[in-house]
1. Would you confirm whether any residue within the range 92-106 is of a type in the set (D, E, K, R), open to solvent by less than 20 Å² (accessible area, probe 1.4 Å) and at negative phi?
2. What number of residues within the range 54-72 satisfy the criterion of being of a type outside the set (A, V, I, L, M, F, W, C) and closer than 24 Å to E106 by Cα?
3. Enumerate the pairs (first residue in the range 69-85 and free of Cβ contacts under 8 Å to residues at least 40 places away in the same chain and over 9 Å from T144 (Cβ atoms); second residue anywhere and open to solvent by 60 Å² or more (accessible area, probe 1.4 Å) and part of a loop (DSSP other than H, G, I, E, B)) with beta-carbon separation below 6 Å, excluding pairs fewer than 6 apart on the same chain, so at least 6 apart or on different chains.
4. For the range 80-108, which residues satisfy the criterion of being under 25 Å from L165 (Cα atoms), over 16 Å from the mean Cα position of the chain (by Cα) and modelled with pLDDT of 95 or more?
5. So, L77, is that one touching a Lys or Arg at 6+ places or on another chain (Cβ under 8 Å), at pLDDT below 95 and open to solvent by less than 50 Å² (accessible area, probe 1.4 Å) or not?
6. Within the range 114-131, is even one residue touching a Gly at 6+ places or on another chain (Cβ under 8 Å), surrounded by fewer than 17 Cβ atoms within 10 Å (Cβ to Cβ) and not in a strand (DSSP E or B)?
7. Out of the range 18-30, which residues are exposed (fewer than 14 other Cβ atoms within 10 Å of the Cβ) and more than 16 Å from I55 (Cα to Cα)?
8. In this structure, does R148 turn out to be touching a Phe, Trp or Tyr at 6+ places or on another chain (Cβ under 9 Å) and open to solvent by 60 Å² or more (accessible area, probe 1.4 Å)?
Amino acid sequence: MEGIRYTGIPSAQELAQCPGVPSEARMLRGRVACIECVQEIPCNPCERICRFGAITVGDPITNLPHLNEDACTGCGLCVANCPGLAITVIDKAWSAEEATIDFPFEYLPLPQAGDQVVAVNRAGEPVCPGRVLRVTKSKAYAGTAVIRMAVPKAQADQVRSMQRLQRIQGGKNHE
């Protein structure tokens, strides 16, 4: 069995039917939200935070969020405001070889711009090397940091986060 109900990770079929996932053509035009919310639960912070009306949940509040990919500017306010950590911003137009992915990150220590990290998939499994471009923590992000990472364009559809960094305490590394 696979899928969010069995593993906690959306299946390929669930993602293909998800109304919040932008088209490949839109991702190739620049920054756009990718809402991988596949559970009909009462939730709508993404709709409320979007200043451009690009995300709609509507009534009932258990509807899956729909992305109007043409209205989305890729501003990223929805990323940190999603309590399910189900939203990223993808930019496949960033360079000829790399795409960027903005994702929520709630672990310490935080990486720093320029750090080389291990990019992981939805299951937390290593996919490829990543390079941290930016780390943003703001009051508008409800205490969640948002990391912008560059990855090889061929892996952009798989990567959704990065491996946690080891804490250094008293000069020794700890998990």
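The values are calculated or read from the model by the stated rules, or taken from the named source; none is laboratory data. Keep in mind that this is a model prediction, so the values were computed, not measured. We place every Cβ from the backbone using ideal geometry, glycine too, and count neighbours over all the protein chains shown. In case anyone asks, the SASA skips ligands and DNA or RNA and just uses the protein heavy atoms, side chains included. Shrake-Rupley method; radii C 1.70, N 1.55, O 1.52, S 1.80 Å.
1. Yes, the range 92-106 contains at least one residue that is of a type in the set (D, E, K, R), open to solvent by less than 20 Å² (accessible area, probe 1.4 Å) and at negative phi.
2. Number of matching residues: 1.
3. A71/F52
4. Across the range 80-108, the qualifying residue is only E98.
5. Judged against the criteria, L77 is a match.
6. Taking every residue of the range 114-131 in turn, none turns out to be touching a Gly at 6+ places or on another chain (Cβ under 8 Å), surrounded by fewer than 17 Cβ atoms within 10 Å (Cβ to Cβ) and not in a strand (DSSP E or B).
7. Once the filter is applied, which keeps residues that are exposed (fewer than 14 other Cβ atoms within 10 Å of the Cβ) and more than 16 Å from I55 (Cα to Cα), the range 18-30 yields E24, A25.
8. no
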